[in-house]
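Working notes for the structure below.
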Amino acid sequence: MFARAVRPEPDRIEVQIGSRARFSGTLECDASIRIDGAVEQGEIRTPANVILAESALVQCDIFAHVVSIRGKFKGVIQADRVELLDGSQVSGILNVNSFYMAENVVMRAAVNIRADAAGDVKLPPPPPHAQLPVSRPLPPSEAEERPQPPTKTEPNPFTLRKPT
């Protein structure tokens, strides 16, 4: 009944929450989503894009291909790319492969940039019996044996002299 013969293009917006609408719950679709209104809780899931317009007030978790934010967002994002555009205010956790942030953005979020093969990276083991150098003050007997800097002052070649 609701099956599609052809998957929509990622840039084509088929789902929109208008500026006078409020939504709570789970929104799942295979098309791009534009939010101008409020999402008060829940989650948004799409293999396409999610756009939060300037008037958007969103507090939920988002799972999408690309998330572009101009409005206010609070929650967790799991996406291939996140774009924080001029005027956006973001708090929460952003789990991404690619990240862009404009200059006029307020961000109180942790950004976790991951790679597909991040689990394969292994750190080298520490060298066996590694010793760190430790500085310690010299005992008084060794301190006295060290030569002291000369106390005689050399004339400063840069001092101005009165003409004679």
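The values are calculated or read from the model by the stated rules, or taken from the named source; none is laboratory data. All figures in this text were calculated on a predicted structure; none of them were measured in a lab. Cβ: placed from backbone, ideal geometry, glycine included. Neighbour counts: every protein chain shown.
Residues are listed down the side, and each one gets a yes or a no for (1) at pLDDT below 95; (2) among the small types (Gly, Ala, Ser); (3) under 20 Å from GLY75 (Cβ atoms):
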site: VAL6; (1), (2), (3): yes, no, no
site: GLU9; (1), (2), (3): yes, no, no
site: ILE17; (1), (2), (3): yes, no, yes
site: ARG22; (1), (2), (3): yes, no, yes
site: GLY25; (1), (2), (3): yes, yes, yes
site: CYS29; (1), (2), (3): yes, no, yes
site: ILE44; (1), (2), (3): no, no, yes
site: PRO47; (1), (2), (3): yes, no, yes
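For region 57-77, which positions are without any contact (Cβ under 8 Å) to a residue 24 or more places away in the chain and part of a loop (DSSP other than H, G, I, E, B)?
Those that are without any contact (Cβ under 8 Å) to a residue 24 or more places away in the chain and part of a loop (DSSP other than H, G, I, E, B): CYS60, ARG70.
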